[in-house]
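Here the structure is laid out as structure tokens; the discussion comes afterwards.
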Amino acid sequence: MNFVRRLFRSVTGPFRRRRVEADMAEEMRFHLAMRAEEQAASGVSAVDAPDAALRKFGNVARIQEEARAQRAGATWEQLGRDFTLAFRSLRKSAGFTLTGVLTLALGIGASTAVFSVVHALLVAPLPYRQADRLVEVISEHKEEGMSGLAPGTFGDLAAGDTSLSAVTAQYYYYLNLTGVEPSARLVSADVTIDFFKVFAEAPWRGRLLQPDDFKPSAAPVAVLSYGLWSGQFNSRDEIIGQQILLDDISYTVVGVMPASFKDPGETAQFWRPMRAGVDDLQNRSSRYWTAYGRLQDGATLEQANAKLATLGQRLAHDHPRNYEGWTLRASDLRALVIGNFRSGLLVMAGAIGCVILITCANLTGLATVRALSRRKELAIRTALGSSRLRLVRLLVAESLVLALLGGLGGVILAAWGMQALRASLLEAWLPRADEIALNLPVLFTAVTAAVVTGIVAGMVPGLTAGRVDAGDALKDSSRGSAGPKARRLRATLIVTEIALALVLLASTGLLGRSFLGLVHRKSGMEAERVLSLTISLSGPRYNSSPKSWSYYSRAETAVAALPGVEAAGFTQTSPFRWGIPAGFAPIRGDRPAAAEDFPQAFFDSVSIDYFRAIGCSLKAGRLFNSYDDADARHVVIISETAARRYFGNENPIGRLLTLGLPSTFEVVGVVGDVRRSGLTADAPLQVYRPLAQRPPAFATLMVRTSVPPLTLGRAVQAALNRVDPDTPVSDIATMDSVVSKSVTQPRLHFLVFGLFAGLALLLASIGLYGLVAYSVAQRTREFGIRTALGAAPRSILSLVLGEGLGLIALGVAFGLAGSLASARLLEGLIFTTSVHDPWVYVGAPLILSVIALLACLLPARRATRVDPIIALRSE
């Protein structure tokens, strides 16, 4: 192998030498021409120029002519020459080039992948016309928090004097698509008349809902989403005007919406008219409508909120029972879509900035070290007439070449990183996940970051090199010693990298402890080996409670009889997915307490074996049994938190709760709390009622298995199809995965900061290693003399490590200060630990210091092996 390498070099050597000589001759010709013209312009005879150079490159007249041509306008040619020389120079320094490109690729790639998420959720406009004019109208209680609107409230809003040009409301409803094989459960958005006017959207096919469609006597119609049209109906244009069966009722398909349009909740598969009667608009207690509005031209959100506040005060005065303590306000629609992701996204944007700064500092440090190692070369260029601008331009060109190569590698890494992020975060639980992409704005940001990093990394060493004294540099026989300013610059860059890396590492530690605490937090149910399925009953065939209860009873029996099933039970709602709030109040004496004095509880109908299926333990009283049927006394089971809130330290068994007289329920049992709103939330109040006394139109079946749950998915579906083949089964998932999805945001924050912290540690270690290694190379002669005079390797090792340890200590000090300051930004993202957790603020600096010390140790050990004879001879 060595023979082949020597043969190749012997053959190609003359060609390489001639090319290098040609490059140098061309470069010297340019500089001599520039100097000759400057001397002629100042009255100095050109014959004062070096005679040998003039004889080699031609007479003065030709040199002056070339200089004038160069100055006359070959700007692009000069830039082309700079980039050509930059490519050749970088090709000769393969190690530096590879390190710089990898540094940029890692920094730009990681930042771009995360920025694609931030851009899709926080920056990119919503897919609606004039999306900045859209708002959500929210009813808010000072204690209970935000809520939807009651139908009666919406009626007042639509008729009131507001700053909204149009308002609309909607609520979701499950319907079964029947008459097809297999049947499917669909989600309908029942909307008021101005829904499509508010969102200013035209149909893709057909028409939108019209005022006549909302009349009580009108035939049922539906507008399909693009996804439903292209998926369920195979993009058939002839579907317009045809009939489809929804809950066994014929609906005429009148339109299809474009692919870009989706409701703000990203849930609706089709839209149908909401035919609210007079009784509905008198309902002021059930807040289940979601209202949207479009601001009038020239109106601001502040003006809209001022008028909504006035309307809220009037409602509280006219209807104190329903509106005391409640206010109305408008919120930007983006806030609804993003939800509570906003604060985390802003913190992630700050982390992106930290990584870009670390990458820039690292590349600047590398470029500075390389410029100092080329001190003689740059001095020769200066002696031959290169101006400071020329040197800066040459070094910036090299950095830009690195930046473009690193940026290209970063985009490739970002594409892979985006796929990994989307796969790990479960797109269905991340808003606007389908819009996360390497689109033009994201690519432009990546390229801009790379170019700016390249310019900065080239300008700093370029300006330093431009101040080099040519005579001193040519007289110096060292390898290119650095002045105090250059040393301070490199030290500052390293300290900055270490400090920023510690900020990211400490943030990762806090988020990691919080995330691990959530993962190990008790959910209140034994989610392992539990399979969940959603079932929706078609209205006409199950239009009475006995019919619905008959299906649930037969279905539960059929599934419980399957091999591998330990228990099966129905619940109206699904923990960790959604719930139905209700305003319960205890009855004390002969009168119920005010419902407004108690937070709303989740109200659920469950079958007898539901608690056994989810592993929720009984704390007091009894569970439901077969005697709790439709003819029995109305009974409920409550959670521990509900028992304490309603009855304090008193025994709740036998006490009464009410939803408003005459609806009263006897408490017969107390069960453990279930954190059904997510692991990040406290356990809410929960009230359970027997399914036999209140069978709903849709329910979730919980199946506890003795085998891996998903292996029974098809068997459970088959058993349910034998009970009723027209009742669709959907949302098949293990409860483990459902519970895990409730920590999507903490997982996102932990993954992103963990990625950035690891990258920051790597870059800071590379930078520190490069600085110490360069320092060792510069002090080779010194170490040789010390060794010759009898210095022990340990003393040289401590001497070299001292420089690195000083920088590490300074960086850690600044990093700790920055970590404590930035901890305030993480308060809304931390759940199970304190933002001032001492373990984090001890462990993070320790980890960083150990890794940084290892980076210093490698070049320090090299210094102890310096041969004094070789070191002195090389000088």
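Descriptive notes on the structure:
- Hey, Val369 at pLDDT 75 or above and either in a helix (DSSP H, G or I) or in contact with a helix residue (DSSP H, G or I) (Cβ under 6 Å, 6 or more places away or on another chain) (or both) or not: no
- Among (1) open to solvent by 70 Å² or more (accessible area, probe 1.4 Å); (2) modelled with pLDDT under 85; (3) out of contact with any Phe, Trp or Tyr (no Cβ under 8 Å at 6 or more places or on another chain); (4) among the aliphatic types (A, V, I, L, M) - the single one Leu829 does not satisfy: (1)
- Taken over region 756-775, the criterion of being surrounded by 21 or more Cβ atoms within 10 Å (Cβ to Cβ) and not hydroxyl-bearing (Ser, Thr, Tyr) is satisfied by Phe756, Ala757, Leu759, Ala760, Leu761, Leu763, Ala764, Gly767, Leu768, Gly770, Leu771, Val772.
- Every residue from region 218-235 that is closer than 15 Å to Arg205 by Cα, out of contact with any Lys or Arg (no Cβ under 9 Å at 6 or more places or on another chain) and of a type in the set (S, T, N, Q): Ser230, Asn234, Ser235
- You will find that of Asp190, Asp161, the residue that is surrounded by fewer than 16 Cβ atoms within 10 Å (Cβ to Cβ), touching a residue at least 60 places away in the same chain (Cβ under 8 Å) and under 30 Å from Leu301 (Cα atoms) is Asp161 and no other.
- Where Gly241 falls short, out of the listed (1) touching a Gly at 6+ places or on another chain (Cβ under 9 Å); (2) exposed (fewer than 15 other Cβ atoms within 10 Å of the Cβ); (3) on the phi < 0 side of the Ramachandran plot: (3)
- Where a residue in region 214-232 is surrounded by 13 or more Cβ atoms within 10 Å (Cβ to Cβ) and its partner, wherever it lies, is in a helix (DSSP H, G or I) and of a type in the set (Phe, Trp, Tyr), with Cβ under 9 Å and at least six apart: Val223/Phe196
- Test result for Ile637, assigned to a loop (DSSP other than H, G, I, E, B), at pLDDT 90 or above and more than 27 Å from Thr832 (Cα to Cα): no
- The residue pairs whose first member lies in region 581-599 and is under 22 Å from Tyr323 (Cβ atoms), whose second member is of a type in the set (Asp, Glu) and at pLDDT below 80, and whose beta carbons are closer than 6 Å, counting only pairs six or more residues apart or on different chains, are Pro599/Glu144.
- Some residue of region 255-263 being open to solvent by 20 Å² or more (accessible area, probe 1.4 Å), touching a strand residue (DSSP E or B) at 6+ places or on another chain (Cβ under 8 Å) and hydroxyl-bearing (Ser, Thr, Tyr): no
- Region 735-760 residues that are at negative phi and among the basic types (Lys, Arg), paired with ones that are surrounded by 18 or more Cβ atoms within 10 Å (Cβ to Cβ) and at pLDDT 85 or above (beta carbon under 8 Å, 6 or more apart): Lys741/Phe576; Arg747/Phe515
- Among the residues of region 681-702, those that are crowded, with 18+ Cβ neighbours inside 10 Å, under 32 Å from the mean Cα position of the chain (by Cα) and part of a loop (DSSP other than H, G, I, E, B) comprise Ala683, Pro684, Leu685.
- Within region 95-109, being among the hydroxyl-bearing types (Ser, Thr, Tyr) and open to solvent by less than 40 Å² (accessible area, probe 1.4 Å) holds for Thr97, Thr103.
- For Thr705, the requirement of being of a type in the set (S, T, N, Q), under 43 Å from the mean Cα position of the chain (by Cα) and open to solvent by less than 10 Å² (accessible area, probe 1.4 Å) is met.
- When region 708-742 is filtered for residues that are open to solvent by 10 Å² or more (accessible area, probe 1.4 Å), touching a helix residue (DSSP H, G or I) at 6+ places or on another chain (Cβ under 6 Å) and assigned to a helix (DSSP H, G or I), the ones remaining, listed by number, are Val723, Lys741.
The values are calculated or read from the model by the stated rules, or taken from the named source; none is laboratory data. Because the structure is a prediction, the values reported are computed rather than measured. Quick reminder, even Gly has a Cβ in these numbers, built from the backbone with ideal geometry, and neighbours come from all protein chains shown. To get the accessible areas, we keep the full protein, side chains included, count just its heavy atoms, and leave off ligands, DNA and RNA. Shrake-Rupley method; radii C 1.70, N 1.55, O 1.52, S 1.80 Å.
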